[in-house]
Amino acid sequence: MPIRKGEKKKTRQEKAAENRLKLLHAAAEVVGALGYTEASVARIVERAGLAHGTFYLYFESRQDLFDQLLPEIGGEALAEIREQLGVPPDFITMEERGLRAFFGYVLKNPAYFRILTEAEAAAPAAYRKYTADRTGRFLDSITTAWRRGEVKGFSQQELGVLTQIMLASRAYLFQHYGKDTDGPRAVPEWVVSAYVRFVARGLGLPEPQAGSEAEPPSTT
């Protein structure tokens, strides 16, 4: 593609970084659609729009790419969630924002779950590293809230249990309420409201003010 007038020519390092990211994102799409087993180099480079030989300029093998895939995609997810969090005034606000940000990310990137779950077998080292990082970040946040007195009724040792419960809840809620026969869809507001109220009550925190959250649907 010719350089447009006024457009800065990319350096070799910039072009290399761009191609590597193209391959990783192409791999994410292929794995999301077909799984790791069917994610061949040929399919990945075709999806990326690059020559077959280009692949080996950035990855030693298909397994090398798999080992880098989850950290890359997972890192993008964590970065987007952190950006959406901003500077929350308290833990329950942080949890609500984090939940919404997670739902928003996986709605736009439905391949995330397959990349994550199948990585346990296809790229175990990457899986352990990413899950440890994700869990550690959340545990740090809830521990900070616990030290501020926001999380009541639990010992510091038990915060790890709360971390696993809350992280797992995000995934299960999206799988149940964020999908239908046509594919991913936005999780209803009343689901978010129910989760936030449940967490607030469980941790002994003030519940969101009436009217600040979407009301559950009427059962009448």
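Computed values, structure above
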item: Lone qualifier among L50, L34, L23 - being at pLDDT 95 or above, open to solvent by 70 Å² or more (accessible area, probe 1.4 Å) and either among the hydrophobic types (A, V, I, L, M, F, W, C) or touching a His at 6+ places or on another chain (Cβ under 6 Å) (or both); result: L34
item: Residue match in the range 178-189 (condition: under 18 Å from L99 (Cβ atoms) and in a helix (DSSP H, G or I)); result: yes
item: Neighbours by Cβ (under 6 Å, 6+ apart or cross-chain): first from the range 148-177, closer than 17 Å to L205 by Cβ and modelled with pLDDT under 95; second open to solvent by less than 30 Å² (accessible area, probe 1.4 Å) and of a type in the set (F, W, Y); result: E150/F91
item: Conditions (1) touching a helix residue (DSSP H, G or I) at 6+ places or on another chain (Cβ under 8 Å); (2) modelled with pLDDT of 95 or more: number failed by A16; result: (2)
item: Filter pass, L78 being open to solvent by less than 40 Å² (accessible area, probe 1.4 Å), under 30 Å from V192 (Cβ atoms), in a helix (DSSP H, G or I) and modelled with pLDDT of 95 or more; result: no
item: Complete set of residues in the range 90-139 that are under 28 Å from S193 (Cβ atoms) and basic (K, R); result: R97, R100, K108, R134, R137
item: Residue match in the range 137-152 (condition: in contact with a Phe, Trp or Tyr (Cβ under 6 Å, 6 or more places away or on another chain) and crowded, with 16+ Cβ neighbours inside 10 Å); result: yes
item: Any hit, the range 202-210, residues being modelled with pLDDT of 95 or more and open to solvent by 40 Å² or more (accessible area, probe 1.4 Å); result: no
item: Members of the range 53-75 that are within 14 Å of R128 (Cα to Cα) and open to solvent by 60 Å² or more (accessible area, probe 1.4 Å); result: D67
item: Selection count where residues are crowded, with 16+ Cβ neighbours inside 10 Å and without any contact (Cβ under 8 Å) to a residue 60 or more places away in the chain, scope the range 102-128; result: 3
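The values are calculated or read from the model by the stated rules, or taken from the named source; none is laboratory data. All of these numbers come straight from a predicted model, not from anything done at the bench. So basically every Cβ, Gly included, is an ideal-geometry build from the backbone, and we count neighbours across all protein chains shown. Please note that ligands, DNA and RNA were not included when accessible areas were found on the heavy atoms of the full protein model with its side chains. Shrake-Rupley method; radii C 1.70, N 1.55, O 1.52, S 1.80 Å.
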